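Undergrad: Shown below is the structure under consideration.
We did not get these values from a lab; they are worked out from the coordinates using the rules stated. Predicted model only: the values in this text are computed from it and were never measured. Cβ atoms come from the backbone with ideal geometry, glycine included; neighbour counts cover every protein chain shown.
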2 protein chains.
Amino acid sequence: MATIKDVAKLAGVSPATVSRVLSSTVVVSPKTKTRIEKAIAELDFRPNAHARALVSKSTHTIGVVISQLADPFFAQMASSIEDVAKKRKFQVLVSTGSLDAQKELTAIKSLQAQRCEAMVVNSKALADDVLIDLAQRIPGFVLINKFIPQISQRCVWFDNVAGGKVMADYMASLGHANIVVLSTKERVYDATHRLNGIRQSLSQHNINLPDQHIAYGSPDYAGGREAIEHLIEQGITFTAVLCYNDAMATGVISALTDLGRRIPDDVSIVGFDDVLLAKYCMPKLTTVKYPIDIMARKATELALSLIAKDRPLNQSDKDYQYKPFLVKRESAAKC
Amino acid sequence: MATIKDVAKLAGVSPATVSRVLSSTVVVSPKTKTRIEKAIAELDFRPNAHARALVSKSTHTIGVVISQLADPFFAQMASSIEDVAKKRKFQVLVSTGSLDAQKELTAIKSLQAQRCEAMVVNSKALADDVLIDLAQRIPGFVLINKFIPQISQRCVWFDNVAGGKVMADYMASLGHANIVVLSTKERVYDATHRLNGIRQSLSQHNINLPDQHIAYGSPDYAGGREAIEHLIEQGITFTAVLCYNDAMATGVISALTDLGRRIPDDVSIVGFDDVLLAKYCMPKLTTVKYPIDIMARKATELALSLIAKDRPLNQSDKDYQYKPFLVKRESAAKC
DNA sequence: TTGTAGGCGTTATCAT
DNA sequence: ATGATAACGCCTACAA
C-alpha cells in the first residue's frame, strides 16, 4: 500500500504538506490541496494507523473483553459498546476470555499491547486484586459486571442478589412453596449472588429450600434440560423453577412439555437476563431484566470520559449500580 | 507505559538485547536473559504492537465486516472467526456495516488503515465491482456471503436459491397448496435468491404463488408478526408459511397462536438459518440449515492461507459453495 | 554474546 | 504556504 511519501512524490510536494491536508489543521493552498487529493485518490492511499498511533501516542481504540461472542447476552453487550464507540470515532477491539482467568488476562494484555486507551471488561474469573491492579495501571479501565469497593468509580454493575430476590419474591407472591433452583455449574460469582438473594427471600417467606432442590447445569438450553431431568429423576416434586438464565429456562420448558406438564398451569418458570429469546419462546418467558444494553452504553461512556482530555472533574465518586426488575410474561402463574 | 529502552536501562543492556529475548530468535546469555525478564516484569512492559507492526510490516490481524453484532447469526459468525483466528495467533478487528453501502465501505477502509492482513467480509450492500476491486487490492480479502465469478476463489457462499427450493419442495411434499411467503423488506440479494428458489420449486409442483401471497417485513420477530397479520387482514387463507429467517418464523408462531391457530395442525411454518433460537422455541422450528459456523471457519482459513508466506500453490481454482438442507423439527406437518 | 545505527510511516517543530 | 528534520517504539542488519 502507498505511503505518504508516494503521495508526496506524485503530487510534487513534501510529506509534511500531505500530512497537513490529511489532518486539515493548517491552511494549504487550494491548488496544491486538490493536487494532493488527486494523488491520494489515485494511489488509494490510506494513512497507516500504526504509524499515526506511534507518533500521536493515541489510538482511538476501545478494547472489550467478554467470555464469548456467540452468547446473545454478550453479543448484545458488544453491540451496544460498538454503537457508542462509533459515535465517538473509536475503534472496537474484541477479545474473548472464556471464563478462564489465564485467558482473560491474556486478552487484556493483548489489548494493552494494542495500546487501547479505554477498556470495558466483563471478567468472570480474575481475582479482585488483579482487577484492582489493572484498573490502577490502565486509565480507561472499566469493569462492567462486578463491584469492587477499591475501584468503585470504575464499576458498572448489576445487583445479582436483588435479582435472586426478585425471582423468589415473585414466586412466593404467587403462592408457590415447592420451589427448585437451576444454577450454573460454572464457578462464577453472579450465580452465587443470585442464589444468595433467592435464599434470603425464601427464608423471609418461610419457604424451605433444601440443597437437593438445587441443580447445576451448563448455562444453556441443554444444561436446563439435564438439570431439570436430574431433579425429576431424584423424585423431587415442585411447582416452580427458578433458572440461572433464559436459555436454561427454555430447556426446562422443553423438557417439562415433553413430559406432559403444562406451563404455567402445572409448573411456573422464571428466567434471568431477558435476552431476545425470552420474548420469542412459547410460552413467553417471565424473567428478570438485566439491562445489559444500557449498562454497556454507560460503561463505554464512562471509560471514554476517563481518558478524555477535557475530563470534567466533577466525576462523582459513586459506583454505577443497576437494579433488576421483573418482566411478567406467560411462564409463571398462581400456584 | 514502559518502553523497550526503559527495560534496557533497568537491566543494564541495550534495547537490541531486550528485543532478542522478546522474540527469542537469537541466543542470549542466561544471566542477562533472566535480568531482562525481571526488568520486564517489574516495569510491566508490553511491547507496543504499533511499533512492531510498523517495522515488521505485519500486524497479525484479521478484519471482520458484518452488518450487526447483536444478530445471533452474525454473532455466531464472528465467534467462529475469532475461534480459528485465535488458534493462529491472529487478532480480530470487528467492524459493522449496517446494510449500508457507504458504511460498509467505511468499515473496510478503517480495517485497511489498521493494516489488517486478512479480511472476512459479509457485504450486503456493496456493488460487485467495488468488491472485485477491493479483492484485487487486498491480498487476504475473502467474501463470505456471495459469489462473484471474477473473484470466485475468494468467495465462500451459500446457495440461497437452493435454500428457497428446499423450503418449497418440502411444503409441496407435505401436500400444501396454499402457501404464503414472508420476505424481508430490506433490499438484500439473498432474499431475492430465496424467493426465486421458492418460485422455481412451486411452479414445478404446479402450485400458484400470487404476488399478494408474499408479504415483506423487517427480518425479525416483530416483522414476522406484522407481515402475517397483514396477510390475514387481506383475507388471504393459507396452510403453510415460508419465512425469510427463524426470527420472523417465531413472530409468525406467536401471532398465529394468539389467533387460536395450532401449529403445525392448522398451519405449517418453515424458518431459515437454523440459529439457536430454532431449537428453543415452541414448537421447535423446522428450518433450513445455513451452516454459518462451518462457512466462517472456512472463510477464515482461506483468508489466512491467502496471506501465508508458505502459501501452497495448489490453491484450487474453484469457489467454496455451501448447500442448504432441511432440519425437520415440529413446526411443519402434512396438510 | 552484545551494542550501534538505520529505518518503518507519520506528525510536529522549526525554518524558510 | 511549504519543506527539512527529529521523534514515536521497535526490529534487524552489521560491527565489535
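Undergrad: Kindly give the distances from A:Ile236 to its copy-mates, label point to label point, with each label point 7 Å from Cα along Cα→Cβ, as nm values to one decimal ordered shortest first.
TA: For A:Ile236, the other copies' label points sit at 4.9 nm, shortest first.
Undergrad: Oh, and also: Roughly how many Å is it from the Cα centre of the range A:239-291 to that of the range B:191-239, as a whole number?
TA: 31
Undergrad: Can I ask one more? Given the DSSP H assignment, sum -39500 (n - 2.57) over each helix run of at least 4 residues in chain A and divide by its residue total; what's the result at 222 nm in deg cm²/dmol, nearest 500?
TA: Values: 13 runs with 155 residues, N = 335.
Helices in chain A give a 222 nm mean residue ellipticity of -14500 deg cm²/dmol.
Undergrad: Now, a different point. What does the copy distance list look like for B:Gln200, label position 7 Å along Cα→Cβ, in nm and ordered from shortest?
TA: 6.2
Undergrad: Around A:Tyr244, under 11 Å between beta carbons, what's the net of Lys plus Arg minus Asp minus Glu among the other residues? Could you put the intermediate results ahead of the total?
TA: Numbers: positive: A:Lys185, A:Arg194; negative: A:Glu186, A:Asp190, A:Asp220, A:Asp246, A:Asp273.
Value of the local net charge: -3.
Undergrad: Moving on to the next point. How big is the gap, in Å, between the Cα center of the range A:92-115 and the Cα center of the range A:176-190?
TA: So the separation of the two Cα centres works out to 29 Å.
Undergrad: Which of the peptides B:6-18, A:142-154 is most tightly packed, and how do the rest follow, going by the mean number of other Cβ atoms within 10 Å of each residue?
TA: Descending mean neighbour count gives A:142-154, B:6-18.
Undergrad: Nothing charged except the Cβ atoms of Lys and Arg (+1) and of Asp and Glu (-1): what's the magnitude of the dipole of chain B about its Cα centre? Round to the nearest 20 debye.
TA: Details: 41 positive and 34 negative charges, 384 e Å.
That gives chain B a dipole magnitude of about 1840 debye.
Undergrad: What is the spin-label model distance, in nm, from A:Thr192 to B:Ile148 if the labels are put 7 Å beyond Cα along the C-beta direction?
TA: Label at A:Thr192, label at B:Ile148, 5.3 nm between them.
Undergrad: I want to check the label-to-label distance for A:Ala2 and A:Asp100. Put each point 7 Å from Cα in the C-beta direction and report it in nm to one decimal.
TA: My value for the distance between the label points is 4.5 nm.
Undergrad: Moving on. At a Förster radius of 35 Å, what calculated FRET efficiency corresponds to the Cβ-Cβ distance of A:Asp128 and A:Asn178, to the nearest 0.05? List each step's numbers first, then the result.
TA: On the way: r = 37 Å, r/R0 = 1.06.
Using R0 = 35 Å, I get an efficiency of 0.40.
Undergrad: So what is the relative contact order for the range B:160-290, in percent, with contacts set as C-alpha pairs under 8 Å and at least six apart?
TA: Over the range B:160-290, the number comes to 25 percent.
Undergrad: Sticking with this one: For A:Phe141, which sequence-distant residues (separation of 5 or more, or a different chain) have an amide H within less than 5 Å of its own amide H, given hydrogens modelled in the peptide plane?
TA: A:Met119
Undergrad: For the protein assembly as shown, give the magnitude of the charge dipole about the Cα centre (Cβ charges: +1 Lys/Arg, -1 Asp/Glu; no others), in debye to the nearest 20.
TA: 2820
Undergrad: Determine, for A:Cys116, A:Cys335, the number of other Cβ atoms within 10 Å of each Cβ, and report the residues in order from fewest to most.
TA: Final ranking by Cβ density, sparse to dense: A:Cys335, A:Cys116.
Undergrad: On the first, second and third principal axes, largest extent first, how far apart are the outermost C-alpha atoms of chain A in Å?
TA: Here the spans come out as 85, 40, 32 Å, largest first.
Undergrad: Here's something else I'd like to know. Put +1 on the Cβ of every Lys and Arg and -1 on every Asp and Glu Cβ in chain B; which of B:Ser56, B:Thr250, B:Gln212 then has its Cα farthest towards the positive end of the dipole?
TA: B:Ser56
Undergrad: What is chain A's relative contact order, in percent, from Cα pairs under 8 angstrom and six or more apart in sequence?
TA: 16
Undergrad: State, to one decimal in nm and shortest first, how far the label point of A:Ser23 sits from each corresponding label point in the other identical copies (label point: 7 angstrom along Cα-to-Cβ).
TA: 3.0
Undergrad: Say the dipole of chain B comes from +1 at the beta carbon of Lys and Arg and -1 at that of Asp and Glu; which of B:Ala177, B:Thr287, B:Val275 then lies farthest toward its positive end?
TA: Farthest along the dipole direction, towards plus: B:Val275.
Undergrad: Given the pairs A:Lys146/A:Lys309; B:Lys86/B:Lys298; A:Lys165/B:Lys279; B:Lys103/B:Lys146; A:Lys57/B:Lys5; A:Lys86/A:Lys328, which are separated by over 24 angstrom at their Cα positions?
TA: Violating the 24 Å limit, Cα to Cα: A:Lys146/A:Lys309; A:Lys165/B:Lys279; A:Lys86/A:Lys328.
Undergrad: Would you mind checking the radius of gyration and Dmax of the protein assembly as shown based on alpha-carbon positions, in Å?
TA: Final numbers for Rg and Dmax: 27.7, 86 Å.
Undergrad: In addition: Considering every residue in A:70-82, what mean count of other chain Cβ atoms within 10 Å of its Cβ is obtained? Don't jump to the answer; show the numbers that get you there.
TA: On the way: counts 11, 4, 8, 0, 3, 10, 4, 2, 6, 7, 2, 1, 6.
Rounded to a whole number, the mean comes out at 5.
Undergrad: If we count every other residue with Cβ under 14 angstrom of A:Ile198's Cβ, Lys/Arg +1 and Asp/Glu -1, where does the sum land?
TA: Summing Lys and Arg as +1 and Asp and Glu as -1 gives -1.
Undergrad: Shifting gears a bit: At q = 0.22, 0.24 Å⁻¹, work out log10 I(q)/I(0) for the range B:4-56 with the Debye formula, treating every Cα as an identical point scatterer and leaving solvent out; two decimals please.
TA: Values, matching the q order: -0.77, -0.90.
Undergrad: Same structure, new question: List every residue whose amide H lies under 5 Å from the amide H of A:Leu93, counting only residues 5 or more places away in sequence or on a different chain, with H placed 1.01 Å from N in the peptide plane.
TA: A:Ile62, A:Gly63, A:Val64
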